[in-house]
Amino acid sequence: MCALTHLTISRSRVGDKDLVYLFTSSAKTLERVVLDSIEGVTNAGLAVFLLGISQNVVYLTVRDVALPPFRHWGNLVIGRMERALDVVVDKMPRLRELRISGDVASEFMLDRRSKMFVAHDTSEETRVPVVRLSLEDVPRLCGFAADGKWPGWCTPGKIPRR
């Protein structure tokens, strides 16, 4: 298998093991990843994949990935409410652009990356880049991204701070 720099998976059924197999030889070289309209992957499987590519990914698109819904008991959500992007985004030091669509992230993602950005904002050597964030129909981020309290994120209409 060769080491890839770009990976696009679109309109496919991909299981957790398939994702792991795809990035095994390319974990250190993948810079641009597009996951578009895929199903069959779990939240845990997506987290393992994202963690595997986290150190080198620069451009990431996660669009309409059919993650299983959270379990509910009446109106209560059972278990943690974090998606894979929520957990892994602060482990992506080179990330510059993130495009997401669907129920793939929440305000936890914005908060974690903001804390990472602020913590590394003092030294030119360890500076974390501002991430250009594009959202489309992300229900658990509705209204949060437009809020100005998230340093390190640049959304349309917001001037990034350097």
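The number of residues in region 111-162 that are aromatic (Phe, Trp, Tyr) and modelled with pLDDT under 60 comes to 0. Taking every residue in region 41-56 that is within 14 Å of TYR21 (Cβ to Cβ) and pairing it with any residue that is among the hydrophobic types (A, V, I, L, M, F, W, C) and in a helix (DSSP H, G or I), at least 6 positions away or on another chain, the pairs with Cβ-Cβ distances below 7 Å are VAL41/LEU19; GLY45/LEU19; VAL48/VAL20; PHE49/LEU19; PHE49/VAL20; PHE49/PHE23; GLY52/PHE23; ILE53/PHE23. Yes or no: THR24 in contact with a Ser or Thr (Cβ under 8 Å, 6 or more places away or on another chain), farther than 26 Å from ASP137 by Cα and of a type in the set (S, T, N, Q)? No.
Scanning region 44-87 for residues that are under 23 Å from ARG113 (Cα atoms), open to solvent by 80 Å² or more (accessible area, probe 1.4 Å) and either at pLDDT below 90 or basic (Lys, Arg) (or both) returns ARG80, MET81. Looking only at region 93-110, residues that are in a loop (DSSP other than H, G, I, E, B) and either open to solvent by 50 Å² or more (accessible area, probe 1.4 Å) or modelled with pLDDT under 85 (or both) come to 4 in all. Within region 9-24, the set of residues being more than 16 Å from ARG63 (Cα to Cα), within 17 Å of the chain's Cα centre (by Cα) and of a type outside the set (Val, Ile, Thr) comprises ASP16, PHE23.
The values are calculated or read from the model by the stated rules, or taken from the named source; none is laboratory data. Just so it is clear, the structure is predicted and the values come from calculations on it, not from any experiment. Every residue, glycine among them, receives a Cβ derived from its backbone with ideal geometry; neighbour counts consider all protein chains shown. SASA here: full protein model, heavy atoms, side chains in, ligands and nucleic acids out. Shrake-Rupley method; radii C 1.70, N 1.55, O 1.52, S 1.80 Å.
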